[in-house]
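Data block below; observations after.
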Amino acid sequence: LIPCLLERGNKVYGLYHKPPGQHIPHRLLVLVGDITKEGLGLENCPSDIDAIYHLAARLDLTDNKKVWETNVDGTRNVLSFMKHHNIPRLLFMSTAYIQHRNSYEVSKEQAEMDILSARATQQLRVCIVKPSIVIGSKENPGTDQAINHVALTIAKVCRRALTAKERVQNALALPPLELLVRIRGDPQATLNVVPVEVVVGEIAKLKEKEGVFFITNPNPPLLEEVANEIGDALGLNIQILGDFRASPPGEAARE
């Protein structure tokens, strides 16, 4: 998103929790702070900020406290910061999924509620963006974290399978093996994934828009298709099955 905004002639400040490395976009002005702190952890605020793109979020489903601190308390700190510095416009990255299935979804819904409340009391111009499952592309091969529990589950299973595969091949000096990986699920269910560059392009178009905007895939792939793509790339035979009996270690070795 930052390169896209810079290309359109915008002056962009980037708030980083830690000083970034060498690979930062040209002309980006770096600010080091923390949205979980009052005033976003900034000693001084530039006077020419007219909009905030609030994309920071914690996705870790294993630490509810930190998820809430970042996604809810952090958003409240952003709103307070905007009020203190008279910043009129907010673009907030939420999620298309707020069914309360996990702490991330709950936190995002609460953040949206706080933003809509502040819109009325602070007269903010608000744009809420709700993408589905953001995935990488050939040009941008990965996002910082897995966005969806299903994708995260597949990734974890594949990492374990690859580790086991490498150990067996190395120990027995075998040729490349095709390892069977079974994951319980509905193979005909859809997984609504959208490439990161599509999300970025749509956000860039919303600079002057207000309201709530969903960014989703009108033709989402089947879970079975996603598993096949991942399996082909990793040399694994990934099967999505409605139900199966887990094989004991000894039996699995004989199959």
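The values are calculated or read from the model by the stated rules, or taken from the named source; none is laboratory data. The structure displayed is predicted, hence computed values, not measured ones. We place every Cβ from the backbone using ideal geometry, glycine too, and count neighbours over all the protein chains shown.
Conditions tested, residue by residue: (1) at pLDDT below 80; (2) acidic (Asp, Glu); (3) farther than 24 Å from Arg58 by Cβ; (4) surrounded by 18 or more Cβ atoms within 10 Å (Cβ to Cβ).
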| position | (1), (2), (3), (4) |
| --- | --- |
| Thr121 | no, no, yes, no |
| Pro131 | no, no, no, yes |
| Asp144 | yes, yes, no, no |
| Ala164 | yes, no, yes, no |
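Residues in segment 47-62 include at least one that is of a type in the set (Ser, Thr, Tyr), within 22 Å of Val200 (Cβ to Cβ) and crowded, with 16+ Cβ neighbours inside 10 Å.
On the stretch given as segment 42-89, residues that are at pLDDT below 95, within 23 Å of the chain's Cα centre (by Cα) and small (Gly, Ala, Ser) total 2.
Within segment 204-223, the residues that satisfy the criterion of being closer than 16 Å to Ile133 by Cβ and either assigned to a helix (DSSP H, G or I) or of a type in the set (Ser, Thr, Tyr) (or both) are Thr216, Leu223. Within the span defined as segment 125-137, every residue fails to be in a helix (DSSP H, G or I) and touching a residue at least 12 places away in the same chain (Cβ under 8 Å).
Results for (1) surrounded by fewer than 16 Cβ atoms within 10 Å (Cβ to Cβ); (2) at pLDDT below 75; (3) β-branched (Val, Ile, Thr); (4) over 30 Å from Asn10 (Cβ atoms), shown as yes or no for each residue.
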residue: Leu179; (1), (2), (3), (4): no, yes, no, yes
residue: Ile203; (1), (2), (3), (4): no, no, yes, no
residue: Pro221; (1), (2), (3), (4): yes, no, no, yes
residue: Glu224; (1), (2), (3), (4): no, no, no, yes
